[in-house]
Amino acid sequence: MDLNQLAPEILIYIALPIIMFVAFEVGYQVGRRRAQGKPEEREGPTGMLVGSMLALMAFLIAIVMGMTIDRFDARRGLVVDEANAIGTAYLRAGYINPQIGEPVRELLREYLPLRITIPDAAQLSANLDASMGLTDQMWTLTEEEARTNPNSEVTGLFVDSINEVINVQTARATAIDARVPQPIIFFVVFGSVLAISLVGYHAGLMLRRSLVAAVLLVLLFSTVIALVIDLNQPASGLFVVNQKPFTTLQSQIGPP
């Protein structure tokens, strides 16, 4: 885990509860002054409105959390699918002409380490480009085998396996960019800060507050939002997709 990559996210995690607590305190002070200037406002529907807004924000956060978890699960499933596809192609390459099968196996050994997700975004992009170059070479050899033995069932299975490797490669490249849109994240953060400030405002109108309850509410909102932000990062953060299927396969087929 690269601390340099995590530093901006750690700052966000620290800043979120601070901003929310400041919003609560500002809301409280505004509400207290409002209550002192216009005591009749304490009888208004502020409490009901605050409760409704908290319920709405909880609902929105739950939806966004579900979206990020779905994308995380999809990335995790694709890692298993790709490891299986590479392993199958490697095995089937042993059934065909060694002049084609052995070079393909060597290319797969080079290909596998490039498919392991790493936090460095620039290196990850470079690895993707390099892996696409290797699949082009594999496909060229596959075409040669298909032309040589067009009616062989073994060749057909081998072609299918290489095609699956390429398909999963494309799917994983797409999944890395499949994040919850940033405007939605910003809206959830802004709405949560606004909801916390209204809770403080209502406490100010009532001229009473519980700092323990306020801190717990702030920590709850900020922790859930931090989880959403973290899960929305495909290659970095505290929660990353386990790459063990690749490392296990690499131990089986050997290094490049």
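Every read-out reported here was derived from the displayed coordinates using simple, explicitly stated rules and does not represent laboratory data. Note that the structure is predicted; figures quoted are calculated from it, not measured.
Give me, ordered by chain and number, the residues 5 or more places off Val240 or on other chains with an amide H under 5 Å from its own placed amide H.
Residues meeting the criterion, in which the H sits 1.01 Å from N, do not exist here.
Residue by residue, what Karplus-based ³J(HN,Hα) values in Hz, rounded to whole numbers, does segment 156-172 have, using 6.51, -1.76 and 1.60 with θ = phi - 60° and x for Gly and Pro?
x, 5, 5, 4, 4, 5, 5, 4, 5, 4, 5, 5, 5, 4, 5, 5, 5
Pick from Phe21, Phe187, Phe239 the residue whose mean-square fluctuation is largest in a GNM of the chain, springs joining Cα atoms under 10 Å.
Of the options given, Phe187 has the highest mean-square fluctuation.
Starting from the Kirkwood radius over alpha-carbon pairs of the chain, derive D by Stokes-Einstein at 20 °C in a medium of 1.002 mPa s and give it in µm² s⁻¹.
The estimated diffusion coefficient comes to 98 µm²/s.
Residue by residue, what Karplus-based ³J(HN,Hα) values in Hz, rounded to whole numbers, does segment 52-68 have, using 6.51, -1.76 and 1.60 with θ = phi - 60° and x for Gly and Pro?
Those phi angles translate into 5, 5, 5, 5, 5, 5, 4, 5, 5, 5, 4, 5, 5, 4, x, 5, 5 Hz.
For segment 161-256, place one equal point scatterer on every Cα, skip the solvent, and apply the Debye formula. What is log10 of I(q)/I(0) at q = 0.13, 0.14, 0.15 Å⁻¹?
Summing over Cα pairs of segment 161-256 leads to -0.68, -0.74, -0.79.
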